[in-house]
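J.: This is the structure, below, for whatever I ask next.
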Protein chains: 2
Amino acid sequence: MARRSIWAWGLETDEPSQAERDEAAARLSKRFGREISAPPAPVLESLVIPAPRVLPPASLAGFATTASYDRAAHAYGKSYRDIVRAFSGDFSNPPDVVAYPRSEDDVISILDWASGADVVAVPYGGGSSVVGGVEPPGGGRPVVTIDLSNLNQVLEIDPVSRAARIQGGVLGPALEDQLRPHGFTLRHFPQSFEYSSLGGWIVTRSGGHYATNHTHIDDFVESIRTVTPRGIIESRRLPGSGAGPSPDRMVIGSEGILGIVTEAWMRIQARPRFRASAGITFASWKAGYEAARAVVQAKLWPANCRLLDPTEAGSAAGLSGDQALLIVAFESAEVPQEPFIRQAVRIAREAGGQIDDAAIRIADEGAHAGEEVGREGAVGAWRNSFVRAPYQRNLTAGMGIVGDTFETAITWDRWPAFDESVRHAVMDVMKRVAGGGTLSCRFTHVYTDGPAPYYSFQAPGTPGAELEIWSAIKQAASDAVIAGGGTITHHHAVGRDHRPWYDEQRPPLFAEALRAAKKTLDPAGILNPGVLIDP
Amino acid sequence: MARRSIWAWGLETDEPSQAERDEAAARLSKRFGREISAPPAPVLESLVIPAPRVLPPASLAGFATTASYDRAAHAYGKSYRDIVRAFSGDFSNPPDVVAYPRSEDDVISILDWASGADVVAVPYGGGSSVVGGVEPPGGGRPVVTIDLSNLNQVLEIDPVSRAARIQGGVLGPALEDQLRPHGFTLRHFPQSFEYSSLGGWIVTRSGGHYATNHTHIDDFVESIRTVTPRGIIESRRLPGSGAGPSPDRMVIGSEGILGIVTEAWMRIQARPRFRASAGITFASWKAGYEAARAVVQAKLWPANCRLLDPTEAGSAAGLSGDQALLIVAFESAEVPQEPFIRQAVRIAREAGGQIDDAAIRIADEGAHAGEEVGREGAVGAWRNSFVRAPYQRNLTAGMGIVGDTFETAITWDRWPAFDESVRHAVMDVMKRVAGGGTLSCRFTHVYTDGPAPYYSFQAPGTPGAELEIWSAIKQAASDAVIAGGGTITHHHAVGRDHRPWYDEQRPPLFAEALRAAKKTLDPAGILNPGVLIDP
């Protein structure tokens, strides 16, 4: 079985060959008008990895290791910064031990040992954090990374209530594979779907990517079972409750600082049989986002409502480069979707949108029922590029290209000025530190009260200086997001990387309360210290 | 201006006359076949109210009082137990001081004084708690009740994002009155609407009563401003966020133990113009609840989806007494609702529901657009009785009738056995302690994964022994709810009365974490001690 790459998105078999990378370098040389070469990818055997500062005790025998591969493979998440560092061969701060618990009891054994031995414990689901959420902290304390990939089962399905009890370590595809034979789906599709886990989604408040109405994983949680260093917190399975502050909502978003989600009862859905979708073009970004607002405020709750700015609509969906593209899609297991898409298209047209009637895809009945709709034309082009996006970085790693994304959410009233100031800040810093660059935006999610904009930037850099350039851009972008009233993250989480801006965003007394809660549950302060709050 | 009654639901002018109560007593005598009389209502001037143990300091001059009326009027909430006690003239444990802050600064002054003087502070919105949430605790510490009714303004409306900044003390009708001229509504209608406040809804996780999809007030909260004894916690206005555990979700459901909600940005809606509704009958309770499940799992998100059991459908909607009634209604400001109601009716009919096409009410276009639909026939009868229900108790107070409601939520898979065991437990205890009684049920809310059943019971009691009988029934009902896997409250809150069962329901370590959070925000432990957690 192919192993995960120590540096690339995906498996070792997904790593591009040197020939492919040379080809990419040649293309980039042409594009940027300067010599760009493809340095060789790192090889495990040549890495300098410090000796482990601690060895797994007998209680962890059989499921913990200090092998170099495991330690290297768990040294980083998958942010731009992570891939640059991994590709450069910098594995100076890996975990000392990697444990692969096979059961909840194993998780308890790990936390017991770590609490007693003052070992930092870093929970690890799919390892796709882009915010330094799974990276060992610096400092002298040894670190055990807890890889939950063996907790990968759907344990129970309740078809009557449409809910399933699922282990926290299961990755997206395996989860869906286990629900599919029963006719169900969780239908939560973050871009990291292939390499992110249910538990990871819960503790990072993941946003699904075909999702309005129920956008964040929060909305699908029925109950959670969490192992803390003090013991287990398990909430009741309930469709709704008004009994005090939600215990689940303390765990949701806790990013591993309070405990490890071993199981959750999740609300699942019957697999869609009726589908309808439309890609609607607009003469301008502004016309597009006004239309997106009108559609979402009509509360039709499409399964998908995404807006690409003219730059993204050009590069990802093949449009002319001066038109925005609004993608609206409806899905249902029970109800034909034609009336919904017609209303959405009507609203979008009233807001200036263009679409031929023939381009509205409807698979509601007869031969087309259940067919995958929306995989053709502009919508289909976007969808393919969405799923493949995380692999793109593999090809150009080490070539000095600086490219990343950042995302937020903001209310509609402040959005136009916010967009202007963010774009100004990022274009300005790219000009200063990299001589220029490109910036584009899409709405990955929309709410009645505001969009969740997702910005992508790319700038030419210099091999070896990428992180310096990247840091300057990240700083300017994050400063602009916070100054403009946005959230430092709508679905990427906080981790270690977003801490300075999160600290500005969250109410100081809330941080004090959270710290007190953590102290109660994790008295030794072993769980992910430095993530979200300082000890 | 009419004042609030010290014992009845509503104003002093809503108190029934002695003649009306005598008439009610005669009716009850006939019904129960024994002599029932109507004792006189309590009169403020004759009450024995203990002298205040503390006087308001200079910092509270001008907005705090120790007058008997104010102390008596704030001694209780509006539970069955409260009305029995108040009607009997028992005002032995009122607050010592009632403060009516006119501003956030006044709230801060009260908490500063209370923290320094070891005075218990009880936040009070509309005073409609049915769980002992606004009642002073026993014990020696003096008590100030903080009546927030002067914080009653909609401060700001953002029509673009559809959100409004609203003070925490505003009651339902005044809130809607201030939004209406702008074409907006919060559209959150708990049964206590007339005498409950925005801040109260937030801290009790109130459930709106024409609400599927967005059921609890939680879903409409964009940001909250809370005054704690340590200072102010204010979250950012955001349509969505993934930045750590939600600060708002710590306050939502906190029942006044962490601080006082002075303002919140709430998501509002355009006032509906398109409406459709249907009252669908079923041959049995089981057929009705299977249909309710099918409708909600189709995710059409009706504005209303309520189910009355045969008993309630008989008494509240005039049906035969052996049919269940499902009320489904749709509303929208933007989109005609006919396709939605047609689909819902189709699903309900497939599940055995009966409704004539002519009885489906649709006001989508032309002369009928915007007309109030659903106020006729069975639906209309139910709606009137819903709004008037809280006044019913006024008439029979003091006559020995024991009647109350309890509510929960439970997943669909466990629902049939749950219903059976709850009904058995309550019928059994009523037989034992009162010689019999009636019990009925409705679904006030439904979720894809389960219903929120709302039970009403009535038993003949004896004047003076009502509370003993009531306690036995309440105990048996609550025990059955918790043993059957339900929540002790879906929307009534925990307060002091639900504590024993809440303690069984909530994870013990969560209680410890919450206690630590409270200690951080309220170091002197003045805010609502004994509600939700012990100090």
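J.: Spelling out what I want: for every residue of region A:74-80, take phi, set θ = phi - 60°, compute 6.51 cos²θ - 1.76 cosθ + 1.60 (Karplus), and round to whole Hz; glycine and proline get x.
T.: For region A:74-80, the Karplus-derived couplings read 10, 6, 9, x, 10, 6, 3 Hz, x marking Gly and Pro.
J.: If amide hydrogens are placed 1.01 Å from N in the peptide plane, which non-local residues have theirs closer than 5 Å to the one on A:SER223?
T.: Those lying under 5 Å, H to H, from A:SER223 are A:TRP265.
J.: Still on this structure, please answer the following. For region B:19-97, place one equal point scatterer on every Cα, skip the solvent, and apply the Debye formula. What is log10 of I(q)/I(0) at q = 0.11, 0.23 Å⁻¹?
T.: -0.42, -1.06
J.: So how strong a dipole does the protein assembly as shown carry about its Cα centre when Lys and Arg Cβ are +1 and Asp and Glu Cβ are -1, to the nearest 20 debye?
T.: Computed charge dipole of the protein assembly as shown: roughly 80 debye.
J.: Distance in nm between label sites at A:ARG346 and A:ARG388, each 7 Å beyond Cα in the beta-carbon direction?
T.: 3.8 nm
J.: Taking N as the number of residues in region A:295-336, what value does Rg over Cα atoms divided by 2.2 N^0.38 Å take?
T.: Compared with the compact-globule rule of thumb, region A:295-336 sits at 1.42.
J.: So if I average 1/r over every pair of distinct C-alpha atoms in region B:461-533 and take the inverse, what Kirkwood radius in Å does that give?
T.: The answer is 14.0 Å.
J.: For A:ARG271 and A:GLU156, calculate 0.36 nm times their separation in residues minus their Cα-Cα distance, and state this gained length in nm to one decimal.
T.: Value of the extension gain: 39.6 nm.
J.: Quick one: P(r) of region A:432-481 from all Cα-Cα pairs, 10 Å bins, percents rounded to integers, in order of increasing distance.
T.: 22, 45, 23, 9, 1
J.: Work out the mean other chain Cβ neighbour count within 10 Å for the residues of A:511-522 and drop it here as an integer.
T.: For this peptide, the per-residue mean of nearby foreign Cβ atoms is 6.
J.: If R₀ is 60 angstrom, what is the calculated FRET efficiency for the pair A:SER284 and B:ASP479, using the beta carbon separation as r and rounding to 0.05?
T.: 0.45
J.: Quick one: work out Rg over Rh on the C-alpha atoms of region A:1-144, Rh as Kirkwood radius.
T.: 1.05
J.: At a 10 Å Cβ-Cβ cut-off, how would you order A:ARG442, B:ARG31, fewest neighbours first?
T.: Ordered by Cβ neighbours within 10 Å, fewest first: B:ARG31, A:ARG442.
J.: What is chain B's relative contact order, in percent, from Cα pairs under 8 angstrom and six or more apart in sequence?
T.: After rounding, I find 15 percent.
J.: A further question on this structure: About its Cα centre, what dipole magnitude does chain A give when the only charges are +1 on Lys and Arg Cβ and -1 on Asp and Glu Cβ, stated in debye to the nearest 20?
T.: Charge dipole, chain A, about its Cα centre: 400 debye, nearest 20.
J.: Considering the protein assembly as shown, what Rg and Dmax in Å follow from its alpha-carbon atoms?
T.: Every Cα atom of the protein assembly as shown included, Rg and Dmax give 30.0, 103 Å.
J.: Cα to Cα, under 28 Å, and not fewer than 8 places away if on the same chain: which lysines meet these conditions relative to A:LYS519?
T.: Of all the lysines, those that pass the test against A:LYS519 - Cα under 28 Å, at least 8 places apart if same chain - are B:LYS518, B:LYS519.
J.: May I pose another question? Have a look at region A:94-226 and give its Rg and Dmax from the Cα atoms, expressed in angstrom.
T.: Rg, Dmax (Cα atoms, Å): 15.7, 51.
J.: For A:LEU44, place a label point 7 Å from Cα along the Cα-to-Cβ direction in every copy; what are the distances to the other copies, in nm, shortest first?
T.: Between copies, matching label points for A:LEU44 lie 8.2 nm apart.
J.: Further, regarding this structure: Just to be sure I understand the model, the point goes 7 Å from the Cα along the line to the Cβ. What's the resulting B:ARG432 to B:ALA417 distance in nm?
T.: For B:ARG432 paired with B:ALA417, the spin-label model returns 2.2 nm.
J.: So the label point sits 7 Å from Cα along the Cα-to-Cβ vector; using that for B:ARG31, what distances do you get to the other copies, in nanometres, sorted shortest first?
T.: 7.8
J.: Applying 1/(1 + (r/R0)^6) with R0 = 22 Å to the Cβ-Cβ distance of A:LEU11 and A:SER46, what FRET efficiency is obtained, to the nearest 0.05?
T.: 0.65
J.: Can you put A:ASP105, B:ASP96, A:ASP112 in order of Cβ neighbours within 10 angstrom, beginning with the fewest?
T.: Final ranking by Cβ density, sparse to dense: A:ASP105, A:ASP112, B:ASP96.
J.: Semi-axes of the equivalent ellipsoid for region A:392-535, please: Cα gyration tensor eigenvalues, times 5, square-rooted, ordered largest first, whole Å.
T.: With the √(5λ) rule applied to region A:392-535, the semi-axes are 29, 21, 13 Å.
J.: Would you mind getting me the FRET efficiency between A:ALA465 and A:ASN93? Use the beta-carbon distance for r and R0 = 22 Å, nearest 0.05.
T.: So, using R0 = 22 Å, E works out to roughly 0.55.
J.: Additional query: Among B:ILE36, B:ILE355, B:ILE473, rank each residue by its count of other Cβ atoms within 10 Å, from fewest to most, as a rough exposure measure.
T.: Arranged by neighbour count, lowest to highest, B:ILE36, B:ILE355, B:ILE473 become B:ILE355, B:ILE36, B:ILE473.
J.: Lysines near A:LYS299 by alpha-carbon distance under 18 Å, same-chain residues fewer than 8 away left out - which ones?
T.: B:LYS299
J.: How much space per residue, in cubic angstrom, does the convex hull of the C-alpha atoms of region A:59-150 take up?
T.: 88 Å³
J.: Separate question: Would you kindly calculate the mean projected area, averaged across all directions, of the convex hull enclosing the Cα atoms of region B:135-196, in square nanometres?
T.: Its Cα hull, projected and averaged over all orientations, spans 5.5 nm².
J.: Related question: For A:ILE401, what residues show an amide H to amide H distance below 5 Å, using hydrogens built from the backbone and excluding near sequence neighbours?
T.: Here the answer is A:GLY461, since their amide H atoms fall under 5 Å of that of A:ILE401.
J.: State the answer as a single residue: which of A:PRO523, A:ALA291, A:VAL54 lies farthest towards the positive end of the charge dipole of chain A, with beta carbon charges of +1 for Lys and Arg and -1 for Asp and Glu, about the Cα centre.
T.: Value computed over the given set: A:ALA291.
J.: Report the charge-dipole magnitude of region B:447-535 in Debye, nearest 20, computed about the Cα centre from +1 at each Lys and Arg Cβ and -1 at each Asp and Glu Cβ.
T.: 240 debye
J.: Under 5 Å between amide hydrogens, which residues at least 5 positions from B:TRP9 or on another chain qualify, with H placed 1.01 Å from N in the peptide plane?
T.: The answer is B:ASN394.
J.: Compute the length gained on full extension between B:HIS182 and B:PHE32: take 0.36 nm times their separation in residues and subtract their Cα-Cα distance, giving the result in nm to one decimal.
T.: Length difference between fully extended and current span is 48.9 nm.
J.: Which number comes out as Rg/Rh for chain A once both Rg and the Kirkwood Rh are worked out on C-alpha atoms?
T.: That ratio is 0.96, to two decimals.
J.: Another question, if that's okay. Could you work out the Kirkwood radius for region A:191-333, taking every pair of different alpha carbons, averaging 1/r and inverting it, reported in Å?
T.: 17.4 Å
Values in this text are rule-based calculations from the coordinates and carry no lab data. Just so you know, these numbers come straight off a predicted model, no measurement behind them. Here the Cβ is made from the backbone with ideal geometry for all residues, glycine too, and neighbour counts use every protein chain on show.
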